[in-house]
1. Out of every Cα pair in the stretch 32-100, what percent are spaced more than 21 Å from each other?
2. So how exposed is Met111, as accessible area in Å² (1.4 Å probe, rounded to 10)?
3. Kindly sort Phe5, Phe162, Phe13 by accessible area of their heavy atoms, largest first, with the probe set to 1.4 Å.
4. Need one number: convex hull volume per residue for the stretch 3-146, Cα atoms only, in Å³.
5. Using a 1.4 Å probe on the protein heavy atoms only, what accessible surface does Trp99 show? Give it in Å² to the nearest 10.
6. Round to a whole angstrom and tell me the spacing of the C-alpha centers of the stretch 34-58 and the stretch 67-129.
7. Over the chain, with the other protein chains present, what is the accessible area per residue in square angstrom, probe 1.4 angstrom?
8. Among the lysines, which have Cα under 21 Å from the Cα of Lys148 when same-chain residues fewer than 8 positions away are ignored?
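The values are calculated or read from the model by the stated rules, or taken from the named source; none is laboratory data. This structure is a prediction, so every number in the text was calculated from the model and none was measured. With ideal geometry, Cβ positions are generated from the backbone for all residues, glycine too; neighbour counts draw on all protein chains shown. For the accessible areas, the whole protein counts, side chains as well, though only heavy atoms, and no ligand, DNA or RNA atoms are used. Shrake-Rupley method; radii C 1.70, N 1.55, O 1.52, S 1.80 Å.
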Amino acid sequence: MNPIFTRTSIRQFTEQPVEAKKITALLKAAMAAPSAMNQQPWEFYVVTNSEKLQELRAGSPYTAPLASAPAAIVICYRDDLKMPEYAQIDCAIATENIWLEMENQGLGGVMIGIAPFTEQMAAVEKVLDLPANLHAFTIIPFGYPAQKKPQQDRYDETRIHFVK
Ligand SMILES: Cc1cc2nc3c(=O)[nH]c(=O)nc-3n(C[C@H](O)[C@H](O)[C@H](O)COP(=O)(O)O)c2cc1C
């Protein structure tokens, strides 16, 4: 099955820890992403410490999926970039790659939006004690799914406009 058409947001997880080789597969998928001028602005913080996972809930009001997640990847971006304007877009593409690879690995997870909200970014940066040149983009809690969801069919021909 093509994971593009089966991926959903998974917000509840079993207690089963995620194997290191599966986490590596997620990070390889992330770093396969394209980026503006190939600048690869990303740094990945892999959090499995249960206290830190709960502290990350300070990052936004919508972090409930962290409650049962055995792990999370926080994607951050540097500020010494050729095209800083594209850093968040680059990280969003890497996020989608992780999301799709989770599906391949039998895992589930969800993107929790942090950037571009500066207060939320600062909260995550504080929890992870990030150096000043790193900026938090998103938190991706993940693990083995404790819920199953079919993907919605969102194909909508009325959104397509052919210019001939
Ligand atoms: C930029 C972005 C930010 C999101 N932020 C959150 C969030 O803070 N908390 C959450 O539970 N889900 C979050 N989501 C997941 C969306 O709610 C979800 O993708 C959307 O409802 C569609 O559902 P699906 O992923 O199952 O197709 C976010 C998704 C995106 C793309």
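1. Looking at the stretch 32-100, the distances longer than 21 Å represent 34 percent of pairs.
2. 70
3. The residues order as Phe162, Phe5, Phe13, largest area first.
4. 97
5. Ignoring ligands and nucleic acids, Trp99 comes out at about 40 Å².
6. About 5 Å separates the Cα centre of the stretch 34-58 from the one of the stretch 67-129.
7. About 58 Å² of surface per residue is accessible.
8. Lys22
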